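Following: one structure in structure tokens, then a few remarks.
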Amino acid sequence: MKKLLSAIVASTALSTAAFAGGHSISEFRIGILGGENAQDRMTSNECLREKTEDLLGVPTKLFAPADYDGVIQGLLGGTIDMAWLGASGYAKTFISNPDAVEPILVPVNMDGGYGYYSIGFARKDSGITSLDDMKGKVFGFGDPNSTSGYLIPSIEIPQATGATMDSGDYFGEVKFTGGHEQTIVAVNNGDVDGGVTWADGLGEWEDGFNAGALRKAVDAGLVDMNDMVQIWQSKQIPEGPIVISKSLPEDVKVKMTGLTASLHSMDPECAYGVFSGERLGVMPIGHEAYYQYFRNAMSETISTQKYEADYFELIKKRRTYSAILLGVFVILMIAGFDIVDSRNAGGFWAGITNIFDFPGEVILEASEKAEKLPGLFIKFFPSLIETINIAAAATLTASIFAVLLSMLATQGMAKWPRLIPVFRRILDIMRAIPDFVIALILIFILGGGPVPAMIAITFHTTGALGKLFSEVNENASLQPLDGLSSVGASWMQKMLLGVVPQVSPNYFSYALLRFEINIRISAILGFVGAGGIGYDLKNAISWGKGRYDEAGAIFILLFLTIVIVDQLSGILRDRLTYGRKSEGLL
Amino acid sequence: MLRYPSGKYGGIMLKINNLTKKFGSNIAVNSVSIDIEKPIMLGIIGASGAGKSTLLRMINRLESQTSGSISFDGLSVSDLNGAAKAKWQSNCAMIFQQFNLVPRMDVVSNVLHGTLNKRSTVATFFNLYPRSDIHTAIEILGRLGVAEHAAKRAEALSGGQQQRVAIARALMQDPKIILADEPIASLDPMNAQIVMETLRRIHDEDGRTVIANLHTLDTARRYCDRVIGMRNGNVVFDGTPSELTTEVARKIYGAGSDFSEAATSTEIREFNLVSV
Ligand SMILES: Nc1ncnc2c1ncn2[C@@H]1O[C@H](COP(=O)(O)OP(=O)(O)OP(=O)(O)O)[C@@H](O)[C@H]1O
Ligand SMILES: [Mg+2]
């Protein structure tokens, strides 16, 4: 951030030799942050360079890179040993490499604090006295890595104006001047209408405060503060630390800390130049002081890197498992198909070529006798109704049984919790026996007709729906049941009032799905003597050529029925599951 | 360091004009007009049934108005349909009292749901998100202080953490405006404070407008720049927190002189957990 740097240098053969163990250094390099022109920065710090060279006994150099990042990169890259950084510059250095530098001292203001401010200012004769007057005018930031010259104002000014810092939004234009001194000069010349720089906020405006870039500029004769007005001030920003490279030999660190700390008492004039104005002195400071201030920024960056790596690791693992699973699945498919194919007596591949012959003949015959089709539809319609009837009656009866059984089989709802396993097994068994098998047995005992078909379908459907319903029940909230229990409701009442309203849309949707399936099953059962349209179809097909038009008509009827029921139940189910939410019951 | 261009969402203009919503003969929101000229944190208070949620749901277009209009930055929000409506919803994030996360999915996936509007169904099915989105999601979680839970299932988090994940999902949408319907109503006072401070930070640091339905007066006073009081569908107060006196609160809540503020208080005094 702002300011200059302070720093010192060097080490020496002397120190190396004198101190045990450590490596020696052959030169010491002090970095100076941008802000003023390079020559002025070098001049202000020349006294420090000399003292360092004397103390460490090695050649000492000053570096004044054009921008803040130059110093940060120098510290990170080992080409600069010491520098005075701003709080955000330190944070940036720390985040890039926590082991590069350590804070040693911080300049203390005349009031004993170590905070400073970003100050917005303009020329008095421009008539601008506040941010409001800056609307549509040209605004100048300093260096993009500067806390007071960019970071803090870029956050706090938009809060004050309610607009962005984009050119043309609130300000007519927003520029980067490159540094504090440039900003001051630019405002003074009228190149920008207002700008931001740093000051300790103490002392007189006329002096450019006790310390800061304005004070420096006044001392250098660049501006007369009487020509300037303050238009804005940030919240307090902690002064940045003087940092020293962690890799230096211990003795060098100790010496440089001592030199810098005593600079103020040894040579006030030198300290004035190095610390950018009047200071009470310096005080020791550690990482914690800034860690606090930049806690959010730093902990975010450092810790998210770790969590991100962990998360990608997790994803990789998950993907690997999915891939293995998919592989196993594919192998099973291939193996299974292979076995089926080799056991298929007639040879699947031989039969497949004839697969289109039969429908071909049916279609051919049906289309030749197309004019008879409407009549055939009417003829078979009663059988179709019978088939649908069997399915509907069976589904309805099965639903009622299924509701009861599923409740009895659900934890938290069951009337007799100990019997839950019993009811579950009953459902399992009912579901396990195919409707086709039950129908065959019943037809054998009772003779053909719709009744055996109905019983068979009801039996299996009760098992299937019971299982689905009990899953729905498990997802229902049990809180209403406690509420109803607390007022003394009976089990039946609790189920009807507490469970059914929650689950009925899902029940209904599953029952509809089952109804579709049952229509198909009911038609197929006709083949084995259960009556309905399946029976007619069997007759037509086994008659062979000549009655294929009838077979065609029945296929069309069945197909249409299934399509229609499927569509209707699809629409109904959508309504039930989504419709409610869009009506906004929330 | 994650730096959000401050004020990027500046210069907004939300204009609500004579907005009315009827449910049958019940008038939930009655000719409400609100103008917001720059990003602020707005609190809406009022008794249960005052119409607060309905108002927010209309702004997000979860609900359509019976009459009146809403416009944002010149966009006529109340007339949008289809894709334009979905786009608006992606710009106008919503946070719910019950967090509404997918409990069985990990935290990062939940946050990534904020990008669904831009994702194809196939990518969604295979849970494939660009690396850069995952990076952003974790950064946002870090910003809200919950990055360490990134890989956990959402259901394993505390209420306050879940609500911050929900806010992260909202931020993932990069919305201009965030609507929060009683974001702290199911949280204990400490978590409530963390969540409110998080919302405030989002406003302060990003310049996003935050509109929050709140149940407690002191929360509204403490975190909002402006407060609107609703009663029976009408706006009966619109002013700064300092104008929100006990007298005004009685009017909003329709309470008698026995009304005490403490009744609505959840504040933890002398307590500052999250630095801003
Ligand atoms: N989907 C809906 N159908 C019918 N009436 C509704 C619907 N949603 C809300 N209402 C009615 O509109 C009115 C306002 O409800 P709203 O939920 O907006 O109130 P609120 O201020 O958010 O209350 P709370 O503080 O309890 O959340 C109430 O009278 C409510 O009953
Ligand atoms: Mg509500």
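Quick look at the values:
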{"quantity": "Between 0 and 90°, nearest 10: helix A:357-368 axis offset from chain A longest Cα axis", "calculated": "70"}
{"quantity": "Cα-projected label distance for B:Thr240 with A:Ser367, points at 7 Å along beta-carbon direction, nm", "calculated": "8.4"}
{"quantity": "Largest-first ellipsoid semi-axes for the protein assembly as shown, taking √(5λ) over the Cα gyration tensor eigenvalues, angstrom", "calculated": "75, 35, 26"}
{"quantity": "Pairwise FRET efficiency - B:Gln98 versus A:Ser504, Cβ, R0 = 35 Å, nearest 0.05", "calculated": "0.95"}
{"quantity": "Contact order relative to length of chain A, as percent, for alpha carbon pairs under 8 angstrom and 6 or more apart", "calculated": "13"}
{"quantity": "Centroid-to-centroid separation of the range A:63-116 and the range A:351-399 [C-alpha atoms, Å]", "calculated": "87"}
{"quantity": "Shielding score for A:154-165, defined as the mean number of other chain Cβ atoms within 10 Å", "calculated": "6"}
{"quantity": "Paramagnetic reach from A:Glu46 in the range A:262-290 [backbone N under 14 Å; point 7 Å along Cα→Cβ]", "calculated": "A:270, A:273-274"}
{"quantity": "Exposed GluC sites (Glu not before Pro) absent - longest run of chain A, DSSP non-H/G/I/E/B, at most 11 other C-beta within 10 Å", "calculated": "A:205-582"}
{"quantity": "Rounded to 10°, Cα long-axis angle of helix A:500-525 versus longest principal axis of chain A", "calculated": "40"}
{"quantity": "Nearby lysines by direct alpha-carbon distance to A:Lys316 (threshold 23 angstrom, same-chain neighbours under 8 apart not counted)", "calculated": "A:Lys306, B:Lys152"}
{"quantity": "Pairwise FRET efficiency - A:Ile400 versus A:Asp428, Cβ, R0 = 25 Å, nearest 0.05", "calculated": "0.85"}
{"quantity": "Placed amide H near B:Arg226: partners under 5 Å, 5+ positions off or other chain", "calculated": "B:Met41, B:Gly43"}
{"quantity": "Beta bridges per DSSP with both ends in the range B:14-252, % antiparallel, nearest 5", "calculated": "50"}
{"quantity": "Fraction of antiparallel bridges per DSSP, chain A only, in percent to nearest 5", "calculated": "70"}
{"quantity": "Extension gain (nm, one decimal) between B:Arg250 and B:Ser132, 0.36 nm per residue minus Cα-Cα", "calculated": "37.4 nm"}
{"quantity": "Residue order, fewest to most surrounding Cβ atoms within 10 angstrom, among B:Cys92, A:Cys270, B:Cys224", "calculated": "A:Cys270, B:Cys92, B:Cys224"}
{"quantity": "Percent RCO, i.e. relative contact order, over the range A:115-237, from Cα pairs under 8 Å lying at least 6 residues apart", "calculated": "40"}
{"quantity": "For B:Phe23, residues with placed amide H under 5 Å, excluding near neighbours", "calculated": "B:Ala28"}
{"quantity": "12 Å cut-off, amide nitrogen to a point 7 angstrom out along A:Trp543 Cα→Cβ, residues in the range A:359-399", "calculated": "A:376, A:380"}
{"quantity": "Spin-label pair A:Arg418/A:Phe329, simplified geometry with 7 Å Cα→Cβ offset, distance in nm", "calculated": "4.4"}
{"quantity": "Order of B:Asp106, A:Asp99, A:Asp482 under a 10 Å beta carbon neighbour criterion, fewest first", "calculated": "A:Asp99, A:Asp482, B:Asp106"}
{"quantity": "Other protein chain Cβ atoms within 10 Å, averaged over every residue that makes up A:306-316", "calculated": "6"}
{"quantity": "Virtual spin-label span in nm between A:Ala309 and A:Asp132, 7 Å along Cα→Cβ", "calculated": "5.3"}
{"quantity": "Pairwise Cα inverse-distance average, inverted: Kirkwood Rh of the range A:400-492 (Å)", "calculated": "14.5"}
{"quantity": "Unsatisfied cross-links (Cα-Cα over 19 Å) in the set A:Lys137/A:Lys216; B:Lys52/B:Lys87; A:Lys137/A:Lys175; B:Lys22/B:Lys85; A:Lys317/B:Lys118", "calculated": "A:Lys137/A:Lys216; B:Lys52/B:Lys87; B:Lys22/B:Lys85; A:Lys317/B:Lys118"}
{"quantity": "Likely footprinting exposure, B:Val107, B:Val165, fewest C-beta neighbours within 10 Å first", "calculated": "B:Val165, B:Val107"}
{"quantity": "Relative contact order of the range A:440-586, pairs being alpha-carbon contacts under 8 Å that are 6 or more residues apart, as %", "calculated": "25"}
{"quantity": "Full-stretch length increase - A:Ala160, A:Gln73 - with 0.36 nm per residue and alpha-carbon distance subtracted", "calculated": "28.0 nm"}
{"quantity": "Ranked packing of B:152-158, A:79-85, B:140-146, most packed first, by mean Cβ within 10 Å", "calculated": "A:79-85, B:140-146, B:152-158"}
{"quantity": "Helix A:38-56 vs. chain A, principal-axis angle (Cα, 0 to 90°, nearest 10)", "calculated": "80"}
{"quantity": "Global size of the range A:115-237 as Cα Rg and Dmax, reported in angstrom", "calculated": "12.7, 36"}
{"quantity": "FRET E, pair A:Lys379, A:Asp574, Förster distance 22 Å, beta-carbon r, rounded to 0.05", "calculated": "0.05"}
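No lab work stands behind these numbers, since they all come straight from the coordinates. Given the structure is predicted, the values throughout are model-derived calculations rather than measurements. Note that each Cβ is placed from the backbone with ideal geometry, even for glycine, and that neighbours are counted across all protein chains shown.
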